[in-house]
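Colleague: Got a structure for you, written out below as structure tokens; questions coming shortly.
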Amino acid sequence: MSDKHHLLVVEDDPGLRELIDEELRDAGHTVSSVGDLGSARRFLTQQRPSLVISDLRLPDGEGLELLAFCRDMAPLAPAFIIITAFGTVEQAVDALKQGADDFLTKPLKLDHLQLATNRALERRELQRQVARYREMFGEGDFHGLIGRSPPMRQLFEQIRRIAHANGPVLVLGESGVGKELVARALHRQSERRDGPFVALNCAGIPAELLESELFGHSAGAFSGAQKARKGLFAEAEGGTLLLDELGEMPAAMQAKLLRVLQDGKLRPVGENRERQIDVRIIAATNRDLEQEVENGGFRADLYYRLETFALEVPPLRERGDDIDLLVAHFISLFGEQAAQPLRGITAEALESLRQYAFPGNVRELSNAIERAVVFCRDEQLALTDLPSRIRARQASPLPESDQGVSLFDPAAPPPLKVVEQRYVQHVLRHTGGNKQQAAKLLGIGRRTLYRYLEENDSL
């Protein structure tokens, strides 16, 4: 463990106290030592060590009393290890339940002490990072959406404003940007927050069953309909219904959805009477619906009804340094789930993530970090833990001009676009494929370079 910490040792045996003190100092830590409960409490009112190592039995009390004292210091409570010469399984379980990070018995083995110290410090650091990230990202304040970039701040403000309206909302964005998270944020920010949130992937339901799934049906309405069933609109009554992948909805259902939006009424399959509903509809798609309308693949009247309140979720490549926040968030999340304390990510691995364009957006980043946590065998995620497509830094093929003086033959000058492409190739070759350095040399932003490379995928 490379980071050094301030530790407090509370032990009434002077010889053992000196031995522990010396061992931890040799590991590079700053160590303070006291011999009783009262001295430890006075020390902790003035200083905040990273870890307390305390004997269970002290001349003026018990180590568990000191543990309780430390717990009251949250969120900056130190990690805590109990040591005792009279250890039992019941005592150990009780100490761990009360918040101790470990329980060691005497005679103390110094290698076990070092391992326990490192584990306790790593676990507490992870807990602090999770708390710090949640505060930084505003997870508790904005419903799990993470970002500080201008596009995300603008999106948050739009959600706050639109949430209090009652009309339908159209959420647009590439696959993996978090459209369902935006829909849930809208629901939780609205007056409907106490009502149900129901989501349906329109692409996952066969066209012939979609009407019944949404509107419900009466018994005997069609072959196999032995019992009446209320649809998702009824399940979402008083709340919000998310229609994901709306662009996949068949034309006939588009017409019926439009009527629901206009009249607030629907007719279950097999019934003659319409029912009034109170549901807010949020539609989401990664398709260009405006282009679909022009091509005849989507109803113009439904599109114009939906796009009154339209939200565009930015792709990850346009969110600047949000990737750093997201990486830290996912490391904390998956590290905690896997009970694998991690202290972060190496600079090399983080730079590789920054340079990658993430066509799958936040979902792809999440999957990559989850995989990396599983494969990680160290304190930090390393470049080798990342998927090969992300860690690959192969230079673009060299144009012939890289071996000579000019980027083209003056006797047969190519179009300007070709020259531009060759020059970008040249700069990427010069930087060894490092897109951040290439962007600086080209005088453009890193995200601008990513977009250029995507539009010219032959580079």
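The values are calculated or read from the model by the stated rules, or taken from the named source; none is laboratory data. Predicted model only: the values in this text are computed from it and were never measured. Here the Cβ positions follow ideal geometry from the backbone for every residue, glycine too, while neighbour counts run over all protein chains shown.
Colleague: Suppose the filter is assigned by TED's automatic domain parsing to the domain that holds Asn361 and not small (Gly, Ala, Ser); does Leu241 pass it?
Modeller: It is false that Leu241 is assigned by TED's automatic domain parsing to the domain that holds Asn361 and not small (Gly, Ala, Ser).
Colleague: Quick check, is Ala234 touching a Phe, Trp or Tyr at 6+ places or on another chain (Cβ under 9 Å), assigned to a helix (DSSP H, G or I) and under 20 Å from Val313 (Cα atoms)?
Modeller: In short, no.
Colleague: Still on this model: Here is a check on your reading of the model: is Leu24 part of a helix (DSSP H, G or I) and not polar (S, T, N, Q)?
Modeller: yes
Colleague: Return the only residue of Glu294, Glu351, Glu307 being in the same structural domain as Asp378 (by TED's automatic domain parsing) and not in a loop (DSSP other than H, G, I, E, B).
Modeller: Glu351
Conditions (1) more than 29 Å from Lys179 (Cβ to Cβ); (2) charged (D, E, K, R); (3) modelled with pLDDT of 80 or more, marked per residue:
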| position | (1), (2), (3) |
| --- | --- |
| Ile369 | no, no, yes |
| Leu383 | yes, no, yes |
| Gln394 | yes, no, no |
| Glu400 | yes, yes, no |
| Ala411 | yes, no, no |
| Gly432 | yes, no, no |
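Colleague: Another question, then. Residues being in contact with a helix residue (DSSP H, G or I) (Cβ under 8 Å, 6 or more places away or on another chain) and either of a type in the set (A, V, I, L, M) or modelled with pLDDT of 90 or more (or both): count how many of those fall in the stretch 84-99.
Modeller: 1
Colleague: Ok, one more. Picking from Ala163, Ala199, which residue would you name as being crowded, with 19+ Cβ neighbours inside 10 Å and in the same structural domain as Gly264 (by TED's automatic domain parsing)?
Modeller: Just one listed residue meets the conditions, Ala163.
Colleague: Given the criterion surrounded by fewer than 16 Cβ atoms within 10 Å (Cβ to Cβ) and of a type outside the set (Phe, Trp, Tyr), identify the matching residue among Arg287, Arg299.
Modeller: One residue alone meets the criteria, Arg287.
Colleague: Can you tell me which residues in the stretch 255-274 are within 41 Å of the chain's Cα centre (by Cα) and either surrounded by fewer than 16 Cβ atoms within 10 Å (Cβ to Cβ) or at pLDDT 90 or above (or both)?
Modeller: Ala255, Lys256, Leu257, Leu258, Arg259, Val260, Leu261, Gln262, Asp263, Gly264, Lys265, Leu266
Colleague: Taking Asp12, is it assigned to a loop (DSSP other than H, G, I, E, B), more than 18 Å from Leu96 (Cβ to Cβ), touching a residue at least 12 places away in the same chain (Cβ under 8 Å) and in contact with a strand residue (DSSP E or B) (Cβ under 9 Å, 6 or more places away or on another chain)?
Modeller: So Asp12 fits the description; yes.
Colleague: Identify, from the list Ile82, Ile53, the residue that is within 30 Å of Asp378 (Cβ to Cβ), among the β-branched types (Val, Ile, Thr) and in contact (Cβ under 8 Å) with a residue 60 or more places away in the chain.
Modeller: Ile53
Colleague: I'm checking my understanding of the structure. Among residues of the stretch 239-277 that are small (Gly, Ala, Ser) and not in a helix (DSSP H, G or I), which one is farthest from Glu180 (Cα to Cα)?
Modeller: Only one residue fits best here, namely Gly270.
Colleague: Here are Asp55, Asp94, Asp101: which of them is over 38 Å from the mean Cα position of the chain (by Cα) and surrounded by 13 or more Cβ atoms within 10 Å (Cβ to Cβ)?
Modeller: Among Asp55, Asp94, Asp101, only Asp55 is over 38 Å from the mean Cα position of the chain (by Cα) and surrounded by 13 or more Cβ atoms within 10 Å (Cβ to Cβ).
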